[in-house]
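**Student:** This is the structure I want to talk about, given as structure tokens.
Readers should treat all values here as calculations from the given coordinates under stated rules, not as data from a laboratory. Computed from a predicted structure; not experimentally measured. Note: ideal-geometry Cβ built from the backbone for every residue, glycine included; neighbour counts use all protein chains shown.
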Amino acid sequence: MADAKSDRRAKRRYPLSVPVSVKSGSIEEATETRDLSTGGVFVYTNSPMQAGTELELVLVLPPEVTFTEKRWVCCQASVVRVEENSQAGNFGVAAVIKRFDVLPEI
């Protein structure tokens, strides 16, 4: 019998803490990921968000994800779930990546 809360992800998820810049409207903050894949990301923010909120994320994808070398990317994402963490005083945000662009090295 299948678990009712089975993992529906189509892409492999990597439990990596990577610095990320999160922007949504006038809100912009530097934070970190809890995990990521080429299809989605989970980040911690100090700002409450709602499902459907559009995000712009800028981060470096490590070799574990790119299978080559690290790559700077800019992602367009949409929030699918928010978890309030009252103990830490922040929010966990799960977002699906709709599009990403590889940025040139500076």
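**Student:** What strands (runs of 3 or more DSSP E), lying completely within region 9-106, carry at least 3 residues that are within 11 Å of the chain's Cα centre (by Cα) and surrounded by 15 or more Cβ atoms within 10 Å (Cβ to Cβ)?
**Tutor:** Values: elements: 19-24, 27-36, 40-45, 54-61, 71-85, 90-102.
Answer list for region 9-106: 27-36, 40-45, 54-61, 71-85, 90-102.
**Student:** Can you find a residue in region 83-98 that is under 19 Å from TYR14 (Cβ atoms) and touching a Cys at 6+ places or on another chain (Cβ under 7 Å)?
**Tutor:** Yes, some residue in region 83-98 is under 19 Å from TYR14 (Cβ atoms) and touching a Cys at 6+ places or on another chain (Cβ under 7 Å).
**Student:** Would you point out which residue out of LEU61, LEU36 is in contact (Cβ under 8 Å) with a residue 12 or more places away in the chain and in contact with a helix residue (DSSP H, G or I) (Cβ under 9 Å, 6 or more places away or on another chain)? If you could, list the steps in order and put the result at the bottom.
**Tutor:** On the way: LEU61 fails: in contact with a helix residue (DSSP H, G or I) (Cβ under 9 Å, 6 or more places away or on another chain).
Only one candidate passes the filter, namely LEU36.
**Student:** Further, regarding this structure: For region 92-106, what are the residues that are out of contact with any Asp or Glu (no Cβ under 6 Å at 6 or more places or on another chain) and either closer than 15 Å to GLY39 by Cβ or touching a residue at least 40 places away in the same chain (Cβ under 8 Å) (or both)?
**Tutor:** Residues satisfying the conditions are VAL93, ALA94, ALA95, VAL96, ILE97, LYS98, ARG99, PHE100, LEU103.
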